[in-house]
Amino acid sequence: MDDLRQFEAFMRAYQDMVYGTALRLLGSEAEAQDIAQEVFIKAHQRFAELQSSPTAGGWLKTVARNLSLNHLSRHRARWTHFSDLALPGAEEGDDPLERLQAPGNDADRWDQEARSAWVETGLQKLPDAQRVPLVLYHFEGLSYEEIAERLTVTVSKVKTDIHRGRTALRRHLVRAGINLGEPN
């Protein structure tokens, strides 16, 4: 019974991170809940190792990311609607998300939380082909090459889809009245 309580505490400590990782990649609350449940089933099986590991959070996040990507590759034809051609005029360094103005002090904390909520909402509205590489790049810290390898597409496809995702997300944020500031 004591092990069960320890696992419940462990799960509560990491559930938001695991669920958030899955939700960003999948864009579906129900699918993210399923993936989170699967992650914690795997964690329960390895709990003896994980409970005292300083890298438990990283392990959980990696499992959540991998299960989410596996789910997408099995259940969705995510790349069939997009061409492998680069967008005309798209530049590799152009990132409108980087223009989100950071708050200057604690009084702006609500603004930052509102911006984060709008970004999360906007991400959920993106098609998989844009959301997945965008999340892997900006939230998971993977390189273009790592994303291309993981999704079995070309690097130029990853760059194109990230650019399209940023553009669509930027449009969503502008419609929501989020101040993006001036281009760098």
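Read-outs: derived from the displayed coordinates by stated rules, not from any lab. Remember, it's a predicted structure, so these values are computed and weren't measured experimentally. Glycine also receives a Cβ, built like all others from the backbone with ideal geometry; neighbour counts cover every protein chain displayed.
By per-residue mean of other Cβ atoms within 10 Å, what is the highest-first order of 136-142, 40-46?
136-142, 40-46
Return the FRET efficiency for the residue pair Q124, D3: r is the Cβ-Cβ distance, R0 is 22 Å, and the value is rounded to the nearest 0.05. Before the final figure, lay out the partial values.
Details: r = 36 Å, r/R0 = 1.63.
Efficiency for this residue pair is about 0.05.
Plugging the Kirkwood radius over Cα pairs into Stokes-Einstein for segment 2-75, at a temperature of 20 °C and a viscosity of 1.002 mPa s, what D comes out in µm²/s?
This corresponds to a translational diffusion coefficient of 175 µm²/s.
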